[in-house]
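Down below is the structure, laid out as structure tokens.
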Amino acid sequence: MPAQPPFGGGKKPRGPSLRGVIMIDATRGTPRVRKWPKKRRIKKGSKQYEQMEWWFQANRMHKYITAREQIVIMEATKGTPLLPRDLFVMLAASRVYGIASPGNRTAYPTVARKDVSESLDLLGITPGYILVRGVDEWSAVPIPSSGAPAWWFNDQYNFRTTSFNTAGYSLKGFRWTAHESFPCTGFSFYARTLDAQPYRAAIMELDGSNQILDIYKADPFTPTATVERPYFWPCEYDIVEGNTYAIAMWRTTGSPYVGMLLPSSTTAEWWLPTTNLIGVRLRTIDPNVGDTLLDTSVIFTGGISAPIATP
Amino acid sequence: MAKVTAPLLSFGGSGAIAKTAVYATWRGVPYVRRHVIPANPKSAAQTTTRSTFAMLREFWKLLPTDGRAPWDAFATGRKFLGLNAFIGENMRVIRGETDMDLFIGSPGARGGLPPDAMSATTGSSAGEVDVDFTVPTGPSGWTLVSSVAMAFPDQDPSNDFGGPIVINSETSTPWDHTLAGLPDGVACQIAGWLTWTKPNGQTAYSVGITDQATSGA
């Protein structure tokens, strides 16, 4: 029969020891008595020591900030479970946090506002712009002098040009109803890439059945690699409150074709692929500022899909 | 070193056992540690630490009550004395230095507000240093009790402390001090802090601000 271990089996057999004082165990089958072994410390990494030192210094630093700042922090933590030192360390760490107060109100620090603001800067950094939810994502758009967009996009719509084109080609573009009158001095199309072919764009007034009542066509434009987006066309066209308008952009098959909307033209033309067109924006002159140009339009996403076959 | 709850199956124990374990207590906390014979290499670093420790120990002995008060307040309710805090905090910053510019006069206790500014200049008479304070307006319910200024000749922390320590407490505006009794025309370290009474009646001490000036010649 094999020899039995002195204190039974198990991973670390131990005899009757006094915890923390004396340990009675066995080594190589021989019982022994020794001082309770010291707990070995886990070696900390350099990053952990760095964090510990930062924490130590941040807590110390609270005592050395000016009295005025200490008073502000004291007032901010009055009635809360936070100590002024805790709040200061949070500020030093640029943590986003809020202090919940009675009445389900939460107070956020100024540094949190800055963090959120910097995140929103990814969408746009131009002063005076607002955020608008498009079809796919949020976009930053300008605020007109009246404080609200002068027009906005209703929906993507098919509208026909049968009144001007005997071939009956369909146009697709962006339609909206104007909520205030303003002179349109130009429009920009936002697109990712365009072929090096002539393009035209037009802004038109529609009736209730999407028939074109009036149209302004911009001059042809051929994008090149050096042209920066957005592609801007100047124009002189008055937008009247209450009317329905549409705006479209298309590629002509060559130069100097002026586009299918001319009554005399019967040339087939192709629409801009959906994936390229991002949105369009109108431009006007802010009456309060004078000659300064101010974008009044709303960016909307979603492109023009493939042309509809003629009926 | 391990803390123990019932050393040697008794209520308390102290002393070495078979030159292997040593039972002792520290500030009422019993512990046991391995019996060691220190190597005592007497290296330069070890010698510097010991001499700085000895200097701070002497400094504390000569420190008047007004100078000890913030340290004692800092240690209240903790398992160490103001002396331990004074030596520990100052050892951390002045060990290895050649002067006492980083000396900490007050660790701050109970959230005392620091002065907005403190400046030390050479006094008009021999052995004098003038200290001016700019004090903040405390929050409602707080009362500024005094401004405290302390001065001593600057020296290498690893040398024996030569003294003297001059300390003054000013209890009314303009909260400025003239510290006399210093050696003539020597570079001095000046530490200053404020003492407040909080709405709950506690006395709070601000952290100490340090400046340097030469005493009047």
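The values are calculated or read from the model by the stated rules, or taken from the named source; none is laboratory data. Everything numeric here is computed off the predicted structure, so don't read it as measured data. For neighbour counting, all protein chains shown are included, and Cβ atoms are generated from backbone atoms with ideal geometry for every residue, glycine included. When the accessible area is computed, the model is the full protein with side chains, heavy atoms only, and any ligands, DNA or RNA have been set aside. Shrake-Rupley method; radii C 1.70, N 1.55, O 1.52, S 1.80 Å.
For each pair in A:Lys78/A:Lys114; A:Lys78/B:Lys198; B:Lys79/B:Lys198; B:Lys19/B:Lys42; A:Lys47/A:Lys78; A:Lys44/B:Lys42, compute the distance between the two Cα atoms and list the pairs where it is over 26 Å.
Values: A:Lys78/A:Lys114 24 Å; A:Lys78/B:Lys198 14 Å; B:Lys79/B:Lys198 24 Å; B:Lys19/B:Lys42 24 Å; A:Lys47/A:Lys78 34 Å; A:Lys44/B:Lys42 29 Å.
Listed pairs above 26 Å: A:Lys47/A:Lys78; A:Lys44/B:Lys42.
Could you pull out the longest piece of chain B with no exposed loop trypsin sites (Lys or Arg not before Pro) in it, calling a site exposed if DSSP puts it outside H, G, I, E, B and it has at most 11 other Cβ atoms within 10 Å? Intermediate results must be reported in sequence, preceding the final value.
Values: sites that count: B:Lys19, B:Arg27, B:Lys42, B:Arg78, B:Lys79.
Maximal segment without exposed cleavage sites: B:80-217.
Label-point separation (nm) for B:Asp99 and B:Thr122, each offset 7 Å from Cα along Cα-to-Cβ?
Placing both labels 7 Å beyond Cα along the Cβ direction yields 1.5 nm.
Under the rule of at least 5 residues apart or a separate chain, name every residue whose amide H is placed under 5 Å from the amide H of A:Tyr237.
A:Cys184
Per DSSP H run of at least 4 residues, take -39500 (n - 2.57); add these up for chain B, divide by its residues and hand me the 222 nm value, nearest 500 deg cm²/dmol. Write down the numbers at each step before the final one.
Details: 3 runs with 43 residues, N = 217.
Theoretical 222 nm ellipticity from helices: -6500 deg cm²/dmol.
For B:105-114, what's the mean count of beta carbons from other chains sitting within 10 Å of each residue's beta carbon? Intermediate values should be presented prior to the final figure.
Working: counts 0, 1, 2, 4, 1, 0, 7, 3, 9, 6.
Per residue, the number of nearby Cβ atoms from other chains is 3 on average.
Put simply, what bits of segment A:59-73 lose 50 Å² or more of accessible area when the other protein chains are there, versus the chain on its own (1.4 Å probe)?
Residues meeting the cut-off: A:Arg60, A:Lys63, A:Tyr64, A:Ala67, A:Ile71.
With solvent modelled as a 1.4 Å probe, how much accessible area in total do chains A and B shield from it at their shared surface, in Å² to the nearest 100?
Details: alone 19550 and 11190 Å², together 29200 Å².
Buried: approximately 1500 Å² between B and A.
Hey, with R₀ at 22 Å, roughly what FRET efficiency would B:Asp184 and B:Asn159 work out to, going by the Cβ-Cβ distance, to 0.05? Walk me through the numbers before you get to the answer.
Values: r = 20 Å, r/R0 = 0.91.
Once the sixth-power term is evaluated, E becomes 0.65.
Evaluate the distance, in nm, between pseudo-label points positioned 7 Å from the Cα of B:Thr171 and of A:Ser181 along their respective Cα→Cβ axes.
Calculated label separation equals 8.2 nm.
Between A:Glu53 and A:Ile125, how high is the FRET efficiency from 1/(1 + (r/R0)^6) when r is the Cβ-Cβ distance and R₀ = 41 Å? Nearest 0.05.
Working from the Cβ atoms, E equals 0.70.
Tabulate in residue order the Karplus-calculated ³J(HN,Hα) for segment B:95-101, using 6.51 cos²θ - 1.76 cosθ + 1.60 with θ = phi - 60°, rounded to whole Hz; enter x for Gly and Pro.
Here the 3J(HN,Hα) series is 5, x, 7, 9, 9, 10, 4 Hz.
Starting from the 7 Å offset along Cα-to-Cβ, what nm value, one decimal, do you get for the label separation of A:Thr80 and A:Arg28?
6.3
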